1. Got a number for residues in segment 218-238 being in contact (Cβ under 8 Å) with a residue 40 or more places away in the chain, of a type outside the set (Gly, Ala, Ser) and either within 24 Å of residue 113 (Cα to Cα) or touching a helix residue (DSSP H, G or I) at 6+ places or on another chain (Cβ under 7 Å) (or both)?
2. Assess whether residue 186 counts as being charged (D, E, K, R), within 16 Å of residue 294 (Cβ to Cβ), out of contact with any Ser or Thr (no Cβ under 6 Å at 6 or more places or on another chain) and in contact (Cβ under 8 Å) with a residue 12 or more places away in the chain.
3. Do any helices (runs of 4 or more DSSP H) entirely within segment 152-242 hold 1 or more residues that are under 29 Å from residue 279 (Cα atoms) and open to solvent by less than 40 Å² (accessible area, probe 1.4 Å), and if so, which?
4. Hey, can you tell me all the residues within segment 413-429 that are buried (at least 20 other Cβ atoms within 10 Å of the Cβ) and under 19 Å from residue 146 (Cβ atoms)?
5. Hey, could you check segment 373-410 for residues that are among the charged types (D, E, K, R) and open to solvent by 40 Å² or more (accessible area, probe 1.4 Å) and say which is farthest from residue 146 (Cα to Cα)?
Amino acid sequence: MLDSLVPLKKWRALEIDEEQRLLSTTMSAENDPLIQGNGSDLQQNYAHDDTEYDTTQRNSRILRNRVIIWSGLAVLFIVAVVVALVDSAFTRDSGLSGELPRDPQLAAQRLLDVAPVIDGHIDLPLVARFGWRNNVTEVPLDSKMPMHVDIPRLREGKVGGFFWSVYVSCASPEDEGPDFLKASWRVRDTLEQIDVAKGLISKYPDDFAYTISSKDIKSAVRDGKIASILGVEGAHQLGNSIAVLRQYYELGVRYVTLTHTCHNAFADSCGFLTPSAPRHYGLSPLGFKLVEEMNRLGMLVDLSHTSDMTATQALLHSKAPVIWSHSSARAIHDVSRNVPDEVLGLVGFGEGQRDAVVMVNFNGPFIANDGEADIEAVADHIEHIGKVSGRKHVGIGSDYDGISVTPKGLEDVSKYPALIAELYQRGWSKLELAGLTGGNFLRVFEGAEKVAQDLQDAGTLPKYDIYDRREDLPIRKEL
């Protein structure tokens, strides 16, 4: 019996031990902290909670600010829409609509900010020649100059570029002889004018940018500079030589006027106010070759000063678009220097027409009768050319610094905005005005550049034709 009680005693003892162990464990668990870890862990957890709180507060403020801003913008948009529906003129004047303002002067300023004037002909180098004997260091272009052009007035007039005419006058018939063969220093003097123009351009690098391509012109305008391109005003400055043409091109010249007021070995001139008796009846045989070489080079053919026959033949013969750098409309004022409707009718994009731009001259005797030249008369010339040839074929070629009589209201280069305002009042659109100020010329220039590239890519050879009246070169003999 006692032996049978031993297992029971052992079981009970084990049971008592297990109860004591459980009791000890329970008491230990009750004394443990609710958040495990030491004191530093506790501080970190409190800091984490603070950071989360700050982030929540900051995000809340950002969200609240965004709601306020977007609500304000929405209100402004709604107001603008309502105003536009009620008064569309307000949106025009404020610039919200993209249209030009109603006020002509404000409209002109806003247009010229994005489409500045590119003038086809300014005689500034001539002023430097006769006023300062071509001493570039003494010419004060950054202050008031004696004639029509200086940097302050160019800036006021919103000029984005112009052709610097490297002009020298025709030699007297006695000096050059009946066949234009006697030395008359025309080529030397032209080189001097190229030099003075380049010198003045480089003297003021913050204002002028020397340019030789349509791409250069656009880049200069984007940079806020005045694009400066060179033009030779008369083939009498070539010395009867196509080779000289090529060298002028290398020196940066980008147009040559086929004549001035005198005939030359290449073409007939229109004279001045009345026509001259013809010599070649248009282009000479060498003149046709000259036009072809100009096309190949990318040199613009300029038809200002040419006779009607010369202009007609050059238009029909040229593969590239052409220009009149400074000419007006004969139908408005009947002088030989202006372009007749018969020639204007050959300008355009249609069959039998050639793309061109007629850049209107401001010289008083070409605009109206004595004492009657004014801004309205200049606008009449522009409108007539736009009517006959199309508004995509008219531009501005003032002839400033080369004329003695300027129209009332267009006394110098600061006055271009007034002309734009006048045409705006007459109903010219934003795009038409931008074409007039420079876009039409750039299209023509780009067209001439493309023709030149095509001709060169096709392997077109240079022209080496020699003036047949020259006596200084031996006649080629068969060996």
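1. At the first step, the residues of segment 218-238 found to be in contact (Cβ under 8 Å) with a residue 40 or more places away in the chain are 218, 220-221, 226-238.
From the residues that got through so far, the ones that are of a type outside the set (Gly, Ala, Ser) too are 218, 221, 226, 229-230, 232-233, 236-238.
Narrowing the set further to residues that are either within 24 Å of residue 113 (Cα to Cα) or touching a helix residue (DSSP H, G or I) at 6+ places or on another chain (Cβ under 7 Å) (or both) leaves 218, 221, 226, 229-230, 232, 236-238.
Residues that pass the stated criteria total 9.
2. Values: charged (D, E, K, R): yes; within 16 Å of residue 294 (Cβ to Cβ): no; out of contact with any Ser or Thr (no Cβ under 6 Å at 6 or more places or on another chain): yes; in contact (Cβ under 8 Å) with a residue 12 or more places away in the chain: yes.
No: the conditions fail for residue 186.
3. Working: elements: 173-176, 186-203, 214-222.
Hits in segment 152-242: 173-176, 186-203.
4. Selection gives 413, 415.
5. Just the residues of segment 373-410 that are among the charged types (D, E, K, R), to begin with: 374, 376, 380, 383, 387, 391-392, 399, 401, 408.
Imposing the further condition that a residue be open to solvent by 40 Å² or more (accessible area, probe 1.4 Å) reduces the set to 374, 376, 380, 383, 387, 391-392, 408.
Working: 374: 21, 376: 25, 380: 29, 383: 31, 387: 36, 391: 34, 392: 34, 408: 18 Å.
Filtering first and then ranking leaves 387.
The values are calculated or read from the model by the stated rules, or taken from the named source; none is laboratory data. Remember, it's a predicted structure, so these values are computed and weren't measured experimentally. Backbone-built Cβ (ideal geometry, glycine too); neighbour counts: all protein chains shown. SASA here: full protein model, heavy atoms, side chains in, ligands and nucleic acids out. Shrake-Rupley method; radii C 1.70, N 1.55, O 1.52, S 1.80 Å.
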